[in-house]
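Asks: Take this structure first; my questions come after.
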Amino acid sequence: MKLTTTLLTAALAALAGGAAAKNYYPVYFQPPNNWIPSERLFPSRIIKQVKAPLHDHVLDEFTEMMKGECDGQDVCTAFSFHNENDPTQGRPMWNGYLYTGGPVTPRDFNRDEDAIRHVADSHAYNLG
C-alpha cells in the first residue's frame with residue numbers, strides 16, 4: 001500500500017508540474033555584439049517587445065526573463081535581445097523581441113554602430 005501511495009503521489013506531482021521546460025539554442029554572432037533585428041524580422045515576425053532598465057537585470061536574469069516570455073507564447077519560435085542607450089527612456093535599457101515563423105539566423109540581424117545608442121550584448125536563441 002505504501003509503495004502504491006508513493007507512486008501515485010509522484011505521478012500526480014509530475015502531472016501538476018505541467019509541460020516540460022522548453023529548450024533554447026543560441027545563435028552565434030560575430031563580435032562585436034551590436035546586432036539588432038533587420039527588416040527580415042522587423043516588424044513582420046515580431047510578436048512582442050520586452051524592455052527593462054539595464055541596471056535592474058544582469059545578462060543571465062534577462063536571458064531567463066526572455067525565455068519565460070517566449071514560453072508564455074504558443075507561437076514563439078525564437079527571441080533576441082540587446083542593451084542600448086534608449087533616448088525615449090533616458091537611460092540604458094534591455095530591449096528584447098519574441099519572434100514567430102521559425103528559427104532566426106545571423107543573416108536576420110544588422111549591425112547598429114550608432115555611437116549614441118551604443119548597442120551591445122546582442123543575443124538570440126531558437127526554440128529547439
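The values are calculated or read from the model by the stated rules, or taken from the named source; none is laboratory data. Source: prediction; values computed, not measured. Quick reminder, even Gly has a Cβ in these numbers, built from the backbone with ideal geometry, and neighbours come from all protein chains shown.
Asks: Collect the residues in region 71-92 that are more than 14 Å from the chain's Cα centre (by Cα) and touching a residue at least 24 places away in the same chain (Cβ under 8 Å), keeping them in residue-number order.
Replies: GLU84, ASN85, ASP86, PRO87, GLN89, ARG91, PRO92
Per-residue answers, yes or no, for (1) surrounded by fewer than 16 Cβ atoms within 10 Å (Cβ to Cβ); (2) touching a residue at least 60 places away in the same chain (Cβ under 8 Å):
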residue	(1), (2)
ARG45	no, no
ASP56	yes, no
GLU69	no, no
GLU113	yes, yes
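Asks: Does ASN110 satisfy the condition of being assigned to a strand (DSSP E or B) and either modelled with pLDDT under 95 or closer than 14 Å to SER122 by Cβ (or both)? Step through it out loud before you land on a result.
Replies: Values: assigned to a strand (DSSP E or B): yes; either modelled with pLDDT under 95 or closer than 14 Å to SER122 by Cβ (or both): yes.
So ASN110 passes the test.
Asks: So, one more: Tell me, which residue of region 23-64 that is farther than 14 Å from TYR99 by Cβ and among the charged types (D, E, K, R) is nearest to the chain's Cα centre (by Cα)?
Replies: Ranking the candidates gives GLU64 first.
Asks: Quick check on ASN95: is it in a strand (DSSP E or B), touching a residue at least 40 places away in the same chain (Cβ under 8 Å) and not basic (Lys, Arg)?
Replies: Numbers: in a strand (DSSP E or B): yes; touching a residue at least 40 places away in the same chain (Cβ under 8 Å): yes; not basic (Lys, Arg): yes.
Spelling it out, ASN95 is indeed in a strand (DSSP E or B), touching a residue at least 40 places away in the same chain (Cβ under 8 Å) and not basic (Lys, Arg).
Asks: Test PRO103 against the criterion of being out of contact with any helix residue (DSSP H, G or I) (no Cβ under 8 Å at 6 or more places or on another chain) and surrounded by fewer than 17 Cβ atoms within 10 Å (Cβ to Cβ), and give yes or no.
Replies: Answer is yes for this residue.
Asks: Can you find even one residue in region 25-40 that is assigned to a loop (DSSP other than H, G, I, E, B), over 20 Å from ARG111 (Cβ atoms) and of a type in the set (Gly, Ala, Ser)?
Replies: no
Asks: Oh, and also: Are any of the residues in region 41-63 at pLDDT 95 or above, in contact with a Gly (Cβ under 6 Å, 6 or more places away or on another chain), hydrophobic (A, V, I, L, M, F, W, C) and not in a helix (DSSP H, G or I)?
Replies: Yes; the residues of region 41-63 include at least one that is at pLDDT 95 or above, in contact with a Gly (Cβ under 6 Å, 6 or more places away or on another chain), hydrophobic (A, V, I, L, M, F, W, C) and not in a helix (DSSP H, G or I).
Asks: Okay, moving on. Being under 14 Å from the mean Cα position of the chain (by Cα) and farther than 19 Å from ASN23 by Cα is the filter here, so list the residues in region 93-112 that pass it.
Replies: TRP94, ASN95
Asks: Identify all residues within region 38-54 that are out of contact with any Lys or Arg (no Cβ under 8 Å at 6 or more places or on another chain) and within 20 Å of ASN85 (Cβ to Cβ); write none if there are none.
Replies: Across region 38-54, the qualifying residues are PHE42, GLN49, VAL50, LYS51, ALA52.
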